[in-house]
Each structure stands twice: as C-alpha cells, then as structure tokens.
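Remarks on the structure that follows.
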Amino acid sequence: VLVSHLAAAAPESSGCEPLFAAYGAAEMALRDSGLAYTVLRSAPVLQELMTAPRLNQGRLMMAKHGGAYVDARDVGAAVGAVLANPVAHAKKTFVLTGPSVVTGPALADALGQVLGSAPELGELAAGELQAAAADDAASAAGDLDLISPHLERLISRRPATLLACIAKELSRLMLASQ
C-alpha cells in the first residue's frame with residue numbers, strides 16, 4: 001500500500017512540481033515493479049492545519065481557497081481496509097478526500113466555534129514550511145477541490161467532518177496534557 005498525495009496526478013499544475021512529481025514517480029515505480037499494490041492518493045490531512053506554523057499565536061496560516069482535506073484517522077482506516085482484503089484492492093488507485101472543501105475562512109470559523117474565538121487568517125510566507133506551502137500552491141491551482149466517494153466506500157462510513165476532526169483533536173490534546 002502506497003499512501004501518495006492527491007496532487008501527484010498533475011504535479012505540473014500545482015506550482016510545486018518537484019515535490020508532487022516525486023509522489024508520481026513513486027507511484028509509477030510501484031506500478032512497474034510487478035508487485036501487487038494499491039495506491040491511496042490522499043488529500044492533505046486536516047490535522048496538519050491545526051499545528052504550528054499553520055496555527056500559531058492566534059493566527060491561522062492557510063490559503064483562502066482550501067481543499068477537500070481529510071482526517072488522518074480516516075486515511076489510516078482506509079489503509080486497514082486495503083490490508084484486510086488486499087486481493088480486492090490490488091492494482092487499484094483510490095482518491096481519499098474529506099466530505100467537503102475546507103477553506104481558510106471555514107476552518108477559522110470552525111475553530112472559533114470550538115475554542116470560543118476564531119483565529120486571524122493569514123497566509124504562509126514562502127519557505128515557512130515546504131509541505132504546507134506545497135499544499136497551499138496545489139490548493140490555489142484547484143488541485144485539492146475534488147471530492148471523491150472512494151474513502152467512504154473503503155471505510156464503510158462517511159469521512160469525518162471538519163468539526164468532528166477538530167473536536168477529536170482537542171480531546172486528544174487535552175488527554176495528552178493530563
């Protein structure tokens with residue numbers, strides 16, 4: 001099972017061709033290897049949006065355009081589903097996305113609902129975090145707008161919503177601090 005990036009399908013359109021081209025090259029190498037494989041092409045995970053430098057000192061650093069970000073727990077569940085029945089998923093590529101497009105303003109509003117006040121929205125400066133900047137570039141190019149039914153089919157339930165993911169993350173952080 002290879003967990004790849006959604007933008008690997010069109011690295012040249014995202015503005016971060018080297019990073020996403022590497023994902024695409026890994027997919028091609030696996031396909032050409034002769035091994036049984038399944039590719040899970042994932043949207044960026046929601047949890048990444050709730051960590052520094054994305055969320056820091058009352059500011060949310062994220063492109064306004066957004067994308068169909070996915071809960072990392074759902075990606076893990078999809079890996080488990082494929083490993084539980086590898087023959088049924090052999091030589092297939094699945095696109096894993098959240099149930100809706102999450103924009104910067106929507107994430108700020110959702111965090112405000114849970115935390116009591118919304119963070120100020122800003123954008124990452126060039127070079128602040130390469131992976132985040134790559135996701136923002138893919139978002140601006142529209143490469144992350146796709147909403148796919150694959151995840152729901154693989155895990156036999158609806159993918160986690162933005163609010164559900166935020167609530168789980170806050171619960172996890174609260175338990176970890178005790």
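Charges at C-beta only: +1 for Lys and Arg, -1 for Asp and Glu. How large is the resulting dipole of segment 31-108 about its Cα centre, in Debye rounded to 20?
In total the dipole reaches around 120 debye.
Return a whole-number percent for the relative contact order of the chain, with Cα pairs under 8 Å and 6 or more residues apart as the contact set.
Dividing the mean separation by the residue count of the chain yields 29 percent.
Hey, in the GNM for the chain with a 10 angstrom Cα cutoff, which one of LEU144, LEU115, LEU49 fluctuates hardest?
Of the options given, LEU115 has the highest mean-square fluctuation.
In the chain, if the dipole is taken from +1 on Lys/Arg beta carbons and -1 on Asp/Glu beta carbons about the Cα centre, which of VAL82, LEU111, LEU49 is farthest to the positive end?
Projecting each Cα onto the dipole axis, the largest value belongs to VAL82.
If the elastic network links every pair of Cα atoms under 10 Å, which of SER148, SER139, SER117 fluctuates the most in the Gaussian network model of the chain?
Residue with maximal mean-square fluctuation among SER148, SER139, SER117: SER117.
What is the helix-to-structure angle for 17-32, meaning the angle in degrees between its Cα long axis and the longest Cα principal axis of the chain, kept from 0 to 90 and rounded to the nearest 10?
Around 30 degrees separate the two axes.
Taking Cα pairs under 8 Å and at least six residues apart, what relative contact order does segment 26-129 come out at, in percent?
The normalised contact order for segment 26-129 reaches 37 percent.
If you take volume of the Cα convex hull per residue in Å³ from the coordinates, which of (i) 117; (ii) 105; (iii) 81 do you get?
Matching the structure shown: (i).
Can you say what percent of the DSSP beta bridges in the chain, counting only those with both residues inside, are antiparallel? Round to 5.
If I count the DSSP bridges inside the chain, around 20 percent turn out antiparallel.
Could you check the spin-label model distance between ALA88 and ASP145? Points 7 Å from the Cα along Cα→Cβ, value in nm.
According to this spin-label approximation, the distance is 3.4 nm.
For the chain, with every protein chain kept in place, what is the accessible area per residue (1.4 Å probe, Å²)?
Accessible area per residue, the chain: 49 Å².
Name the residue, out of ASP109, ASP143, ASP135, whose mean-square fluctuation peaks in a Gaussian network model built on the chain with Cα pairs under 10 Å.
Ranking ASP109, ASP143, ASP135 by mean-square fluctuation puts ASP109 first.
As I understand it, the value is the acute angle between the Cα axis of helix 130-140 and the longest principal axis of the Cα atoms of the chain; what does it come to in degrees, rounded to 10?
Long axis of 130-140 versus the principal axis of the chain: about 90 degrees.
Between the helical axis of 104-115 and the dominant principal axis of the chain, each derived from Cα atoms, what acute angle in degrees is found, rounded to the nearest 10?
Its long axis makes an angle of about 60 degrees.
The values are calculated or read from the model by the stated rules, or taken from the named source; none is laboratory data. It should be emphasised that the depicted structure is a prediction, and the values quoted were computed from it without experimental measurement. Neighbour counts are summed over all protein chains in view; Cβ atoms, including those assigned to glycine, are modelled from backbone coordinates with ideal geometry. Note: areas computed on protein heavy atoms with side chains; ligands, DNA, RNA excluded. Shrake-Rupley method; radii C 1.70, N 1.55, O 1.52, S 1.80 Å.
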